[in-house]
Amino acid sequence: MTRKYFGTDGVRGTVGEFPITPDFVLKLGWAAGKVLAARGGSKILIGKDTRISGYMFESALEAGISAAGVDVRLLGPLPTPGIAYLTRTLSAQAGIVISASHNPYTDNGIKFFGADGRKLNDEIELEIERLLDEEISVVSTDQIGKVRRIDDARGRYIEFCKSTVPGLDLSGMKIVVDTANGAAYHIAPDVFEELGATVVPLANQPDGFNINRDCGSTHPEALQRRVLEEKADLGVALDGDADRLLMVDHAGKLVDGDQLLFVVARDRKDNGADMPGVVGTLMSNFGLELALEAEGIEFVRAKVGDRYVMEQLDKRGWSIGGESSGHLVCLDCTSTGDGTVSALQVLAALSRRKQGLAEAVADVAMLPQQMINVRGPNRDGFMQHPDVQVAMASVEERLAGNGRVLLRPSGTEPLVRVMIEGKDGDQVAALCRELADVVEKAIA
C-alpha cells in the first residue's frame with residue numbers, strides 16, 4: 001500500500017496548507033489514538049519545538065487523541081530525542097513530535113515514536129492513514145482521554161543526556177552552544193554547564209519565528225564567528241528539534257557529521273567496544289569510508305534518511321551510524337538521533353584521547369564535495385529525462401573514476417539534491433553547477 005500522507009519523517013509541509021492544517025492534525029490525532037487504543041494503548045505523549053504554530057497543533061492533537069479515548073501527556077518544548085526517551089521511560093504507547101526539524105517557522109510537521117522510542121513501523125502508519133479517510137467518532141463521555149502536563153520533562157531529559165557519559169568532566173573547556181532558537185534552547189546549554197564547561201549560549205532566545213533563522217546546524221556561520229571571538233575550545237550547533245549536530249573547532253572550522261561519526265566510531269573501537277562497522281548514507285564523503293577502512297572498521301551506505309540508517313544498523317546488529325548533515329545515531333546510548341548526546345560522545349572521545357577537535361578529525365581526509373538543492377514541481381521520473389541522463393553520463397566521464405555523482409529527490413521538500421564528489425574541488429563545483437542547471441530545466 002502506497003503512503004498517502006506519511007513521508008520518510010512523518011507528515012510535513014507549510015503551515016496552513018494541506019495537510020498541515022488544524023482540522024487535518026486533529027483527525028490525525030484521533031486516528032493515531034484509535035489505532036493505538038486498539039492495540040492496548042492508553043497514553044500518548046506530545047512534545048514540540050518552538051515555532052509559533054506548535055501551540056495550535058498541540059491543541060488539535062490533544063483534542064483528537066482525547067476524542068479517541070486515549071490519555072495525553074504534554075511535554076512542552078523538548079528535543080525530538082527527548083520525546084523519544086520519555087516515551088520509553090514513561091511507558092507511553094507513542095510519542096508525538098510537532099516539528100519541522102531544520103526548516104523555517106513557516107513549516108511544521110508531525111512525527112511519531114513507538115513505545116520503544118523508535119519511529120513507528122510502516123504497519124501502524126498505514127493503519128493510521130486508513131482511518132484518516134473515515135469520519136471522526138467520539139468515545140462516550142466517560143471514556144474521553146484525560147490530559148495533563150509533565151512538569152519535569154526538561155529535567156528528566158537533561159539527566160539522561162549526562163548519564164550517557166559517566167565521569168565526563170568538562171571543567172576548563174569553553175564551549176559555544178548554538179541551539180537554533182529551537183527545542184534545546186533551555187536544555188543543551190545546561191547539560192554542558194552541569195558537566196563543568198563554561199558555556200556561551202547562542203541563538204537561545206526563541207520567539208516563535210526565529211527557529212533556524214541564520215543559526216543552528218543549517219547556518220553555522222554565526223557560531224564560527226562566535227567561537228573565534230570567544231577564543232572557545234569548540235562550538236556545538238544543533239537544529240530546530242535538536243536531533244542533528246555539527247561542530248566547530250577552535251579555529252572556527254566547521255566539522256560535519258561524517259567527521260564526527262569517525263571520531264565516535266574510532267573512540268568506541270579504541271576503548272574495546274564491539275565495533276565491526278558503521279552505517280553512513282549515499283551522501284557520506286568517500287574520505288570517511290577510507291578513514292574507517294584504515295581503522296579496520298567496515299562501512300556500509302544506506303539510503304539517505306535516519307530511518308534507513310536505523311534499518312541497516314538493526315539488520316547488521318551494529319550501533320553507530322549517521323549522515324553528513326549531522327544526524328548521528330548511537331544505539332548504545334539512545335534509540336534515535338540525538339544532537340546533544342552525540343556532542344557528548346564526541347567530547348568524551350576528545351577527553352579520552354586528550355585531543356582538540358581539529359586534531360581528532362585530522363585523520364579523515366575529506367574529498368571535495370558539492371551539493372546544490374534544485375527546487376521544482378515535476379520531480380517524478382526526472383532521472384528518465386533524456387537531458388538529465390546525457391548530462392550525468394558526461395559528468396561521470398569527466399570525473400574519470402575519481403569521483404561520484406548522486407541525484408536524489410528530497411523526502412521532505414519539493415526539491416532534487418545534486419551532489420558531486422571528486423579530488424579536484426574546482427572541477428567538482430563547476431560540474432555540480434552544470435548538472436544542477438540541467439536538472440532545474442527538467443523539473444521546472
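Taking a 28 Å limit on the Cα-Cα distance, which of the listed pairs Lys231/Lys423; Lys269/Lys303; Lys27/Lys48; Lys119/Lys441; Lys27/Lys441 fall beyond it?
Values: Lys231/Lys423 33 Å; Lys269/Lys303 25 Å; Lys27/Lys48 18 Å; Lys119/Lys441 36 Å; Lys27/Lys441 38 Å.
Pairs exceeding the cut-off: Lys231/Lys423; Lys119/Lys441; Lys27/Lys441.
What are the ³J(HN,Hα) values, in whole Hz, obtained from phi via the Karplus relation 6.51 cos²θ - 1.76 cosθ + 1.60 with θ = phi - 60°, for each residue of segment 230-243 in sequence order, with x given for Gly and Pro?
Listing the rounded values in order: 7, 6, 7, 6, 5, x, 10, 10, 9, 9, x, 10, 6, 9 Hz.
For Lys4 and Glu229, calculate 0.36 nm times their separation in residues minus their Cα-Cα distance, and state this gained length in nm to one decimal. Display every interim value, and only then the final one.
Values: separation 225, 0.36 × 225 = 81.00 nm, distance 4.87 nm.
Net length gain for the segment: 76.1 nm.
Just checking my list (1) 68, 59, 40; (2) 63, 47, 41; (3) 86, 61, 44 against Cα extents along the principal axes in Å computed from this structure; which label fits?
Correct label, based on the coordinates given: (1).
Between Pro220, Pro104, Pro189, where does the largest GNM mean-square fluctuation fall for the chain, given springs only between Cα atoms within less than 10 Å?
In this elastic network of the chain, the residue with the biggest mean-square fluctuation among Pro220, Pro104, Pro189 is Pro104.
Mean residue ellipticity at 222 nm from the helices of the chain, using -39,500 (n - 2.57) per DSSP H segment of n ≥ 4 over the full residue count, to the nearest 500 deg cm²/dmol? All intermediate terms of the calculation are to be shown ahead of the outcome.
Numbers: 14 runs with 165 residues, N = 444.
After summing the helix terms and dividing by the residues of the chain, the value is -11500 deg cm²/dmol.
Efficiency by 1/(1 + (r/R0)^6): what FRET value for Asp363 and Ala273, r their Cβ-Cβ distance, R0 = 22 Å, to the nearest 0.05? Intermediate values should be presented prior to the final figure.
On the way: r = 18 Å, r/R0 = 0.84.
In this case the efficiency is close to 0.75.
Report, in debye and to the nearest 20, how large the dipole of segment 93-209 comes out about its Cα centre when Lys and Arg carry +1 and Asp and Glu carry -1 on their Cβ. Could you put the intermediate results ahead of the total?
On the way: 11 positive and 20 negative charges, 96 e Å.
Dipole magnitude for segment 93-209 comes out near 460 debye.
In nanometres, what is the gap between the two model label sites at Phe18 and Asp169, each 7 Å from Cα along Cα-to-Cβ?
In this crude spin-label approximation the distance works out to 6.1 nm.
If you take the charge dipole of the chain about its Cα centre, with +1 on Lys and Arg Cβ and -1 on Asp and Glu Cβ, which of Met371, Leu415, Gln312 is farthest toward its positive end?
Going by the charge dipole, the pick is Gln312.
Relative contact order for segment 275-364: what is it in percent, counting Cα pairs under 8 Å that are at least 6 residues apart? Each step should come with its number before you reach the end.
Numbers: 118 pairs, mean separation 22.6, N = 90.
Relative contact order, segment 275-364: 25 percent.
For Leu406, put the label point 7 Å out on the Cα→Cβ axis and report which residues of segment 239-267 keep their amide N under 13 Å from it.
257-259
Rounding to the nearest 20 debye, state how big the charge dipole of the chain is about its Cα centre with +1 on each Lys and Arg Cβ and -1 on each Asp and Glu Cβ.
Working: 48 positive and 64 negative charges, 104 e Å.
I would put it at about 500 debye.
With the crude spin-label approximation of a point 7 Å out along Cα→Cβ, what separation in nm comes out for Leu254 versus Asp116?
3.5
Explain nothing, just the number: relative contact order of the chain, from Cα pairs under 8 Å at least 6 residues apart, as a whole percent. Could the numbers behind the result be given before it?
Details: 997 pairs, mean separation 55.8, N = 444.
In percent, rounded to a whole number, it is 13.
Quick one: order Tyr308, Tyr157 from most to least accessible surface, probe 1.4 Å. If you can, show how the numbers build up before the last one.
Working: Tyr308 50, Tyr157 0 Å².
Accessible-area ranking of Tyr308, Tyr157, largest first: Tyr308, Tyr157.
Along the positive direction of the dipole of the chain (beta-carbon charges: Lys, Arg +1; Asp, Glu -1; about the Cα centre), which of Phe6, Ala68, Pro386 reaches farthest?
Comparing the listed Cα positions along the dipole, Ala68 ranks first.
Name the residue from Gly33, Gly337, Gln143 whose Cα lies farthest towards the positive end of the charge dipole of the chain, charges +1 on Cβ of Lys and Arg and -1 on Cβ of Asp and Glu.
Gln143
GNM on the chain, C-alpha springs below 10 Å: top fluctuator among Leu367, Leu357, Leu36?
Leu367
Compute a Gaussian network model of the chain, connecting alpha carbons closer than 10 Å, and tell me which residue from Gly337, Gly376, Gly76 fluctuates the most.
Gly376
The values are calculated or read from the model by the stated rules, or taken from the named source; none is laboratory data. Being a predicted model, the structure only gives us computed values, none of them experimental. Cβ: placed from backbone, ideal geometry, glycine included. Neighbour counts: every protein chain shown. For the accessible areas, the whole protein counts, side chains as well, though only heavy atoms, and no ligand, DNA or RNA atoms are used. Shrake-Rupley method; radii C 1.70, N 1.55, O 1.52, S 1.80 Å.
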